[in-house]
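Colleague: Just dropping this structure here.
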Amino acid sequence: MSEREEHGNKVCEILDSIWRELSEMLRELINRNVEIPNALRVALDGAKILINLCKHHSRLAFDITPSMLDSIQGFCVGCCGADIVARITCELKTAQDLITVRAASVLGKEKLEDWQKKLDSIWRQLGREYTCSPV
C-alpha cells in the first residue's frame, strides 16, 4: 500500500469516528423524543455512504471525479465539488450543526460543551486542509 493510500485510510477512519460520535448523539436525542429534521438524517446517511466508499477505495479520497459520485446524494456537492473527503467533511459538519441546535434545548450546557470538545479533538486530527467552507 502506498503512503498516499495509507494516509487516505487514516483520513477515512477519522471521518468514520466523527460519524459514530454524531450518530451516538443523534440516538440520545431520539431516545429523548426530540424531533429530528430530515436534513440531519440525509446528511448522516450521505456521509456514511461516502465514508464506506472512502474506506474501501482509499485512493478515492484524493482521486475521485464528479462522474464517480451521485450528485444527488447529500447537500455538499455545490460547496465541495467532487473531493470525497471535503464532501464527507461538509456532510458531517452539517449534521453536527443540526444536532447541536437540537441538543442545545435538551441537554445541559456542560454536557453539550463536553460533547463538542470531544468532537473538536477528533476534527483536529484531520487538519485544516480538509475543511469545507460553503460558497
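Bear in mind these aren't lab numbers, they're just calculated from the coordinates by the rules spelled out. This structure is a prediction, so every number in the text was calculated from the model and none was measured. Methodologically, a virtual Cβ is constructed for each residue, glycine included, from the backbone with ideal geometry; neighbour enumeration extends over all protein chains shown.
Colleague: If you place +1 on the Cβ of every Lys and Arg and -1 on the Cβ of every Asp and Glu, how big does the dipole about the Cα centre of the range 1-53 come out, in debye to the nearest 20?
Modeller: On the way: 7 positive and 10 negative charges, 42 e Å.
With Lys and Arg at +1 and Asp and Glu at -1, about 200 debye.
Colleague: Under 16 Å Cα-Cα from LYS55, which lysines qualify once same-chain neighbours fewer than 8 residues away are excluded?
Modeller: Straight-line reach from LYS55, under 16 Å: LYS10.
Colleague: Rounded to the nearest 0.05, what FRET efficiency do LYS118 and GLU3 give with R0 = 35 Å and r taken as the Cβ-Cβ distance? Could you check?
Modeller: Once the sixth-power term is evaluated, E becomes 0.75.
Colleague: Between ASP45 and ASP97, with labels modelled 7 Å along Cα→Cβ, what's the label distance in nm to one decimal, could you check?
Modeller: Taking the simple label geometry, ASP45 and ASP97 are separated by 2.1 nm.
Colleague: Something else now. Enumerate the calculated ³J(HN,Hα) couplings along the range 6-18 in order (Karplus 6.51 cos²θ - 1.76 cosθ + 1.60, θ = phi - 60°), each rounded to whole Hz, writing x wherever the residue is Gly or Pro.
Modeller: Each residue of the range 6-18 in turn: 4, 5, x, 4, 5, 4, 4, 5, 5, 4, 5, 4, 5 Hz.
Colleague: Which residues in the range 24-38 have a backbone N closer than 13 Å to a point placed 7 Å from the Cα of GLU110 along the Cα-to-Cβ line?
Modeller: none
Colleague: Next question, about the same structure. If packing is taken as the average number of other Cβ atoms within 10 Å across a peptide's residues, how do 3-15, 88-100, 43-55, 20-32 rank, most packed first?
Modeller: By packing density, highest mean first, the sequence is 88-100, 43-55, 3-15, 20-32.
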